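Peer 1: The following block contains the structure, expressed as structure tokens.
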Amino acid sequence: MAVSVISVQKEYEKLRNVKQEDIKEIMAWLGTQPHLPHQYITELDVILAYHSCACDTEVTKRVIDVNYTLRTLFPFYQNRKMDKCLENAFQTWLIVPLSNVTKKGYKPIYCELLDADPQKFVYGDVIKAFFMVMDLWQYEEGTVPGVALIVNLDRVSLGHISKVDLTIAQQFFYFLQEAMFVCLKEFHFINAPTFIDKLLAMVRPFMKDELLDILKVHQTDVNTLDEYISTNDLLKANKENKEALKDTICSRLAANSTFFEDESKQRVEESKRPGGSKSMSTFFPGLENSFRQLEID
């Protein structure tokens, strides 16, 4: 089923704080930036960015630049096609936006490991799958008051933790915090294993204080999540239903190949950037020397 893009008129109707004149100003500014793909950036893209930046025009301009720069640089925004690698990613992880809301009215994005075999887990492919699901969902859903990311760590083992690519993890968290056109309001790890401290030690250096403040870790068989979202509202599907959900998501991504082909044109031409080009080292100085192979004690 092809994506049904929400109309910008509906966005203006539901968002009283989104000023159409500000959106027009940003669209005009895009035309003055020779390195940005202004001809492929839509009005909806600008509305999503503007809303995620608390309707601050200047902040929106900065975030738009960072967003499309990182889409050009980061590997999980390249070759966005439903190939065998992505099929395997969806065989191992369920990534699905839920239709309900949290107790504060935020939209949950639910992630759960489906296949416990760590040999099948490719972290970079799962991250690519996550952003593909998010991009398609945002074009259909439009702006939301906030997003709650819920990661179910049931069945996650030390073998999975050892396969997390720290360079990709750093890029993921940077994009999530600095460039993504969403308001991330809640971040939950549920069914946390006894070795959750090892995972947190790995990713904490990549998380700003604001993200650490909203990160909540919920141990197995503890109902602390109920403070944020009713556990009855969470995905309670049996294995067959999860398989059906996974198949539906894969089919939708495959059916929207044109959407991702169009998205692939939203890339920066660094040779045209005023003031000089940017590269990976602009955002992560000394990245090539930052990490060594992960060892789990």
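The values are calculated or read from the model by the stated rules, or taken from the named source; none is laboratory data. Every value quoted in this text rests on a predicted model; they were computed, and no experiment measured them. Neighbour counts are summed over all protein chains in view; Cβ atoms, including those assigned to glycine, are modelled from backbone coordinates with ideal geometry. These area figures cover heavy atoms from the full protein model, side chains too; ligands, DNA and RNA do not enter into them. Shrake-Rupley method; radii C 1.70, N 1.55, O 1.52, S 1.80 Å.
Peer 1: If you take the residues of the range 265-297 that are aliphatic (A, V, I, L, M) and either at pLDDT 95 or above or not in a loop (DSSP other than H, G, I, E, B) (or both), which of them is most open to solvent (accessible area, probe 1.4 Å)?
Peer 2: My answer is Met280.
Residues checked against (1) among the small types (Gly, Ala, Ser); (2) in contact with a strand residue (DSSP E or B) (Cβ under 9 Å, 6 or more places away or on another chain):
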residue	(1), (2)
His218	no, yes
Ile229	no, yes
Lys242	no, yes
Arg252	no, no
Ala255	yes, no
Phe260	no, no
Lys265	no, no
Glu269	no, no
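Peer 1: Between a first residue in the range 8-30 that is under 15 Å from Val59 (Cβ atoms) and at pLDDT below 95 and a second residue that is surrounded by 12 or more Cβ atoms within 10 Å (Cβ to Cβ) and of a type in the set (A, V, I, L, M, F, W, C), which pairs have beta carbons less than 8 Å apart while being 6 or more apart in sequence or on different chains?
Peer 2: Asn17/Cys55; Val18/Ile47; Val18/Cys55; Lys19/Cys55
Peer 1: Name every residue in the range 122-150 that is farther than 19 Å from Leu245 by Cβ, over 14 Å from the mean Cα position of the chain (by Cα) and either assigned to a strand (DSSP E or B) or not hydroxyl-bearing (Ser, Thr, Tyr) (or both), in order of residue number.
Peer 2: Scanning the range 122-150 gives Val122, Gly142, Val144, Pro145.
Peer 1: If a residue must be part of a helix (DSSP H, G or I) and open to solvent by less than 50 Å² (accessible area, probe 1.4 Å), how many such residues does the range 253-264 contain?
Peer 2: 4
Peer 1: Quick one: Thr194 ticks every box in (1) free of Cβ contacts under 8 Å to residues at least 24 places away in the same chain; (2) not in a loop (DSSP other than H, G, I, E, B) except a single one, so which number is it?
Peer 2: Looking at each condition in turn, Thr194 falls short on (2).
Peer 1: Can you name the number of the only condition in (1) open to solvent by 50 Å² or more (accessible area, probe 1.4 Å); (2) over 19 Å from the mean Cα position of the chain (by Cα); (3) among the hydrophobic types (A, V, I, L, M, F, W, C); (4) more than 19 Å from Leu114 (Cα to Cα) that Leu158 fails?
Peer 2: (4)
Peer 1: Hey, could you check the range 185-213 for residues that are aliphatic (A, V, I, L, M) and open to solvent by 40 Å² or more (accessible area, probe 1.4 Å) and say which is farthest from the chain's Cα centre (by Cα)?
Peer 2: Ala201
One line per residue, one yes/no per condition, for (1) hydrophobic (A, V, I, L, M, F, W, C); (2) not in a helix (DSSP H, G or I):
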{"residue": "Val18", "(1), (2)": "yes, yes"}
{"residue": "Lys24", "(1), (2)": "no, no"}
{"residue": "Leu44", "(1), (2)": "yes, no"}
{"residue": "His51", "(1), (2)": "no, no"}
{"residue": "Lys61", "(1), (2)": "no, no"}
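Peer 1: Considering only the range 57-116, how many residues are of a type in the set (Lys, Arg) and without any contact (Cβ under 8 Å) to a residue 40 or more places away in the chain?
Peer 2: The total comes to 3.
Peer 1: Within the range 74-97, count every residue that is part of a helix (DSSP H, G or I), under 29 Å from Val18 (Cβ atoms) and either open to solvent by 10 Å² or more (accessible area, probe 1.4 Å) or aliphatic (A, V, I, L, M) (or both).
Peer 2: Going through the range 74-97 one residue at a time, the tally reaches 0.
Peer 1: Need pairs with beta-carbon distance below 6 Å; first residue modelled with pLDDT under 90 and within the range 219-241, second part of a loop (DSSP other than H, G, I, E, B) and open to solvent by 80 Å² or more (accessible area, probe 1.4 Å); sequence gap 6+ or separate chains.
Peer 2: Nothing qualifies.
Peer 1: Name the residues in the range 101-114 that are of a type outside the set (Phe, Trp, Tyr) and either assigned to a helix (DSSP H, G or I) or closer than 13 Å to Ile150 by Cα (or both), would you?
Peer 2: Val101, Thr102, Lys107, Pro108, Ile109, Cys111, Glu112, Leu113 - these are the residues of the range 101-114 that are of a type outside the set (Phe, Trp, Tyr) and either assigned to a helix (DSSP H, G or I) or closer than 13 Å to Ile150 by Cα (or both).
Peer 1: Is it the case, given these coordinates, that Asp83 is of a type in the set (D, E, K, R) and touching a Ser or Thr at 6+ places or on another chain (Cβ under 7 Å)?
Peer 2: Considered against the rule, which asks whether it is of a type in the set (D, E, K, R) and touching a Ser or Thr at 6+ places or on another chain (Cβ under 7 Å), Asp83 comes out as no.
Peer 1: Still on this structure, please answer the following. Tyr12 - would you say it is open to solvent by less than 20 Å² (accessible area, probe 1.4 Å) and at negative phi?
Peer 2: no
Peer 1: Another question, then. Exactly one of (1) surrounded by fewer than 17 Cβ atoms within 10 Å (Cβ to Cβ); (2) within 20 Å of the chain's Cα centre (by Cα) is unmet by Asp45. Its number?
Peer 2: For Asp45, the exception is condition (1).
Peer 1: If the requirement is being touching a Gly at 6+ places or on another chain (Cβ under 8 Å), among the hydrophobic types (A, V, I, L, M, F, W, C) and open to solvent by less than 40 Å² (accessible area, probe 1.4 Å), which of these qualifies: Ile249, Ile168, Ile150, Ile229?
Peer 2: Ile168
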